[in-house]
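Worksheet: the structure to be examined is printed underneath.
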Amino acid sequence: MGAEPGVTVPERPRTSVVAEAPPPQFGATLALIFLLPLYFQVFQYLADLPLLWAFAKVSPLLLAPLVLLGLLRLRLPHTGLTFLVLLYVLLAAPILSMLQLQNDLVEGLGSTVKVWSLTFYFAAVASLVAFRVTEATLTRVLLGFALSSFVLLWVLWVTVPASMYGLKPAGQTIFLWDQEREERLLLPFAFGLIGVFWLARRFAQRPAVWPVLLIILAFVLMFTILKYRTVIAATALIVLWGMSEGFRRRAPTLFWGLVLGGGALGAAALLILSSLVVGTVQESLGGSLLVRQNSTKVLLQFLGEDPIRWVFGVGGTTEISRIGITDILRTRDFFFADLGWLGLIGEYGVIGSLLLLLLHLAALLETRRAAKLSPTPMRQALQDFVVYVLATSVVLSLVLTPGQIVTVLAIAVWMQRAASPDLPHGGQRQAQSRLKSAVPEPGERRAIA
């Protein structure tokens, strides 16, 4: 039917079916290449490169604007818990070190440098939002760093002469030497581990030969160059768990039957052979086992002198302290970080250790939620990395590189906002609503200032 004379028919509004293109990622990629090594504390212990080492130490201060941006503009979950942890490790621990370890104010505050990176939780989310990073870009950069880690490991191994190893004590160089393992490299390897976990999860979702070959190559490099037993053992178990995901779903009864049966056989074999190999094991562990045994005995004796030390800890000392922890305990080669949970309790007490554990469990919770919302290999790999940190905390202190875990926590929280506006559970929906008003939609151009 035609329109009546003199009547104007309004034109229908035209709707576009073309989705808005994602924001340009060149600047975001450059920002990630610069910021992620700082957030993951890649240079924290590279004393062989003094300029980068010093830059890493002060990077939490230099990134304070991003910290404030994330803190003041983004209503993030776990802010209260993060604040409690920061208050304890930045205020309570220095005071305790002044009372228990005879530090002065400067020395007490100096002992907190290693935990400044806990503020990276706020900075990491703020940078992901401010630079409008996409998840695909983040994944590419993380995998690029993972590949670079293994390439650098191999290049250093074949180019650095043997005379460079063992010239400085552990903690002052990455080129180590000991009688049991001889030459080995102690490179920061968080990116490399995330890459290996990604390969395992990628294989579980889309089985292929190349992920298996790359995993084998990665373990060959770790066995021959890193030679860090705790890291390799934990990584191997987590990789096997990740690769078996499809098998667990298809035949859970058979899988757990094999696990329990294999575990029982392994335990029986261990009991039978323990009397035969105990001496060999002790010889293979060599000096590292002896140092840990001696440090454990000395620390237990020191903590037992005053029950308050068990509850609140004694704080820490620094290299500039007039009286170091080795002077107080009258032992050489003592490091809190070498004693896992006992060292953590010695430094921060049961209270501080529980707060730090809760923060790590928050990271595990958020990475699990992010992986459930969208089970991509990278999201699952980040969850595996948190499991790895918790598993190795028996030997490696949780405050060795705390920036890593809060950065993974930040990424997981950010990923949940990007994945879906509707979270299935109450706690998730509450966290989502807190982020919803603060984090712009993918196509939104609202400025964050």
Scan region 320-345 for residues that are assigned to a loop (DSSP other than H, G, I, E, B) and more than 25 Å from the chain's Cα centre (by Cα) and jot them down.
Ile320, Ser321, Arg322, Ile323, Gly324, Arg330, Thr331, Arg332, Asp333
Somewhere in region 307-323, is a residue out of contact with any helix residue (DSSP H, G or I) (no Cβ under 6 Å at 6 or more places or on another chain) and modelled with pLDDT of 85 or more?
yes
Expected single match for at pLDDT 95 or above, over 17 Å from Leu409 (Cβ atoms) and small (Gly, Ala, Ser) among Ala64, Ala3 is Ala64
What number of residues within region 135-179 are within 18 Å of Phe223 (Cβ to Cβ) and free of Cβ contacts under 8 Å to residues at least 12 places away in the same chain?
4
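So that you can scan it fast, the table gives a plain yes or no per residue for (1) in contact with a strand residue (DSSP E or B) (Cβ under 7 Å, 6 or more places away or on another chain); (2) among the β-branched types (Val, Ile, Thr); (3) crowded, with 16+ Cβ neighbours inside 10 Å:
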position	(1), (2), (3)
Met98	no, no, yes
Gly110	no, no, yes
Ala126	no, no, yes
Arg132	no, no, yes
Leu143	no, no, yes
Ala146	no, no, yes
Phe150	no, no, yes
Leu156	yes, no, no
Leu176	yes, no, yes
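Anything in region 390-438 that is assigned to a loop (DSSP other than H, G, I, E, B) and either at pLDDT 95 or above or under 24 Å from the mean Cα position of the chain (by Cα) (or both)? List them, or say none. Write out each step before concluding.
Restricting attention to region 390-438, the residues satisfying the condition of being assigned to a loop (DSSP other than H, G, I, E, B) are 393-401, 420-425, 437-438.
Across region 390-438, the qualifying residues are Ser393, Val394, Val395, Leu396, Ser397, Leu398, Val399, Leu400, Thr401.
For region 71-98, which positions are more than 15 Å from Gly352 (Cβ to Cβ) and either modelled with pLDDT of 95 or more or hydrophobic (A, V, I, L, M, F, W, C) (or both)? Break it down stepwise before answering.
Within region 71-98, the subset more than 15 Å from Gly352 (Cβ to Cβ) is 71-80, 98.
Scanning region 71-98 gives Leu71, Leu72, Leu74, Leu76, Pro77, His78, Thr79, Gly80, Met98.
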Glu444 fails exactly one of (1) modelled with pLDDT under 50; (2) closer than 26 Å to Pro60 by Cβ, namely (2)
What tally of residues in region 109-138 results from selecting those that are under 17 Å from Phe40 (Cβ atoms) and among the charged types (D, E, K, R)?
1
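The values are calculated or read from the model by the stated rules, or taken from the named source; none is laboratory data. It should be emphasised that the depicted structure is a prediction, and the values quoted were computed from it without experimental measurement. Using ideal geometry, Cβ is built from the backbone for each residue, glycine included, and neighbour counts are taken over all protein chains shown.
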